[in-house]
Amino acid sequence: MSVALAEWFVGVLSAYGLFGLLFGVCFVTAGVSRLDPLAKGAGLGFRLLILPGVAALWPLLLYRRFRGSVLE
């Protein structure tokens, strides 16, 4: 039973990471400038730098994207 639970847990984490990566790529290419006006015109280096954090925190950023608030 613990093996099945471990496999389920790894599957959930994999799905979370995959969705986070997909959301992150979309977010750093188009969404970051909508949430943070200071990021408008930021270069590729900045966008690659924030990609891991965006992929990890995608639920919060997705919520803020639909809520329309600016990050402070």
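The values are calculated or read from the model by the stated rules, or taken from the named source; none is laboratory data. Nothing here was measured: the structure is a model prediction, and the numbers come from that model. No Cβ is skipped: glycine too gets one built from the backbone with ideal geometry, and neighbour counts run over all protein chains shown.
Please list, ordered by residue number, the helices (runs of 4 or more DSSP H) wholly in the chain having 3 or more residues that are charged (D, E, K, R). Break it down into steps so the answer makes sense when it comes.
On the way: elements: 2-26, 32-35, 44-56, 58-67.
It comes to 58-67.
For the range 52-60, the criterion of a residue being aromatic (Phe, Trp, Tyr) and under 14 Å from the mean Cα position of the chain (by Cα) is satisfied by at least one position.
Quick one: would you say residue 62 is modelled with pLDDT under 90, in contact with a Leu (Cβ under 6 Å, 6 or more places away or on another chain) and not hydroxyl-bearing (Ser, Thr, Tyr)? No: the conditions fail for residue 62.
Could you list, in sequence order, all residues of the range 1-45 that are farther than 22 Å from residue 60 by Cα and β-branched (Val, Ile, Thr)? Let's see the steps before the verdict.
In the first step, residues of the range 1-45 are kept if they are farther than 22 Å from residue 60 by Cα; the result is 1-8, 41, 43-45.
Scanning the range 1-45 gives a single hit, 3.
Here the range 27-46 is the region considered, the condition is being surrounded by 14 or more Cβ atoms within 10 Å (Cβ to Cβ) and without any contact (Cβ under 8 Å) to a residue 12 or more places away in the chain, and the residue that is farthest from residue 65 (Cα to Cα) is 42.
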